[in-house]
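Take a look at the structure set out below.
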Amino acid sequence: MAENEQEITESQENFSGDNIYGRHRFTPERAKEHVEGLINDFQEYYSSRGYREEPSVKISSGIDPTVRFIGSHISVFKPYLAQDTVPNPGLYMRQNCLRTRNAGRLLDDEFSPAWGSFFTSIGALSAPDRLDAATAESLSFFENQLGIDRQHILLRINSQDQDLMEAVRRYYPEDQLEVDSRPPQYYQHDIGMEGISGRNFNIALRNPSGEGFSDVGNVIVLESPQKPLGIEIALGTSTILKQLYSLEHVQDCAPVIGLRAPNEAIRRKFEDAITTSTVLYEEGLRPLGNNNRNRILKQYVRALSYFRAKSDMRFAELTQIMTEFEQRQFEPSETTAPIIAEFVQAYERDLLSREDLTEDEQKIKAALESSGVLNG
């Protein structure tokens, strides 16, 4: 980057503009730094209050048989709930997560995803008799650790949850509570454990423009029919940073730099496909066989062919972009980007030689044949 470009970038990043939090969006090159900074704030805050750190696990670890991939830290906390052994004051952790809700619509040109598949969750699990304390701690984290003025925090809650209502009313006035504004299921949690359910209030931050609020996390009472088993605090790093720094999209917290595409919808899905493919290849998965995890990975990897065709991108450029993303985001000892590119090339050769194609395969093949990328 030229010196004058660096100066412009830094001045843009320090400029608060009309962001009510006094912050402007960070550059893609500094995204990981901001994510790690938020995680460090969370770890420091809960550690100082006596919580014990729980180690993270691989997204594809399979420790939770109710999900294909780890989509929340609650999967790691489940044994404590099942055995009714949540310690006092509690546990906290960071956890890389994958929710594959975009997988089935990657080739839908009309679909523009509001979320990326990959994100980092920060969460805590507190002892069941600490609802009041856990509520106070979660609100203090935003106000005192992150320096957010309480006027920019809104709590969305169900009036039927009297224990939650009592807890939040101790700390926030009525005009910062949004009561019964959503359907009943919005305030309920199913964590995939028989006999255990959750009731929650959501924490929302004011949008950086000053208009409206967006959810960034929740506080959940997890309970059996007999008694509470724990209080979960679930926060998303990307949703919090999107609010504080006026980001265009949550994927800007783990951006694929240098990516180009004909429109925003394709760019976001291309970015999602690169990110998800890289994450799962990093964990040792390959898009082969009939295993559900491998088949889902194949959906993301084959979409790379479609998006490179739509973006008129050669393999050398795609490989370089994926390599730089992987090195920046995960700092691996060996990059998997060339291996992913080799699979995509092999997939395309097979696709172009066959006639018995599914509807999705026909769409990918047509995109390749109408583009200028088949020779490189």
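Any read-out appearing in this document is the output of simple, stated calculations on the displayed coordinates, not a laboratory observation. All values derive from a computational prediction rather than experimental measurement. Methodologically, a virtual Cβ is constructed for each residue, glycine included, from the backbone with ideal geometry; neighbour enumeration extends over all protein chains shown.
Summary of values
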item	result
Hits in the stretch 256-315 - residues which are of a type in the set (Phe, Trp, Tyr) and buried (at least 19 other Cβ atoms within 10 Å of the Cβ)	270, 281, 300, 306, 307
The stretch 108-140: number of residues that are within 29 Å of residue 303 (Cα to Cα) and among the β-branched types (Val, Ile, Thr)	1
Failed item, numbered, when residue 97 is tested on (1) free of Cβ contacts under 8 Å to residues at least 60 places away in the same chain; (2) over 15 Å from the mean Cα position of the chain (by Cα)	(2)
Looking only at the stretch 216-248, and only at residues there that are part of a strand (DSSP E or B) and of a type outside the set (A, V, I, L, M), the one that is farthest from residue 164 (Cα to Cα)	236
In the stretch 200-224, residue farthest from residue 115 (Cα to Cα) [restricted to those that are in contact with a strand residue (DSSP E or B) (Cβ under 9 Å, 6 or more places away or on another chain) and surrounded by fewer than 20 Cβ atoms within 10 Å (Cβ to Cβ)]	224
Matching residues in the stretch 283-338 - criterion: being among the charged types (D, E, K, R) and within 20 Å of residue 361 (Cβ to Cβ)	286, 295, 298, 302, 308, 310
Residue in the stretch 186-213 that is nearest to residue 75 (Cα to Cα), counting only those that are part of a strand (DSSP E or B) and among the polar types (S, T, N, Q)	197
Any hit, the stretch 92-107, residues being crowded, with 17+ Cβ neighbours inside 10 Å, aliphatic (A, V, I, L, M) and under 20 Å from residue 189 (Cα atoms)	yes
Pairs where the first residue, in the stretch 110-124, is of a type in the set (A, V, I, L, M, F, W, C) and the second is assigned to a strand (DSSP E or B), C-beta under 6 Å, 6+ apart	118/98; 119/97; 122/94; 122/235; 124/90; 124/92; 124/233
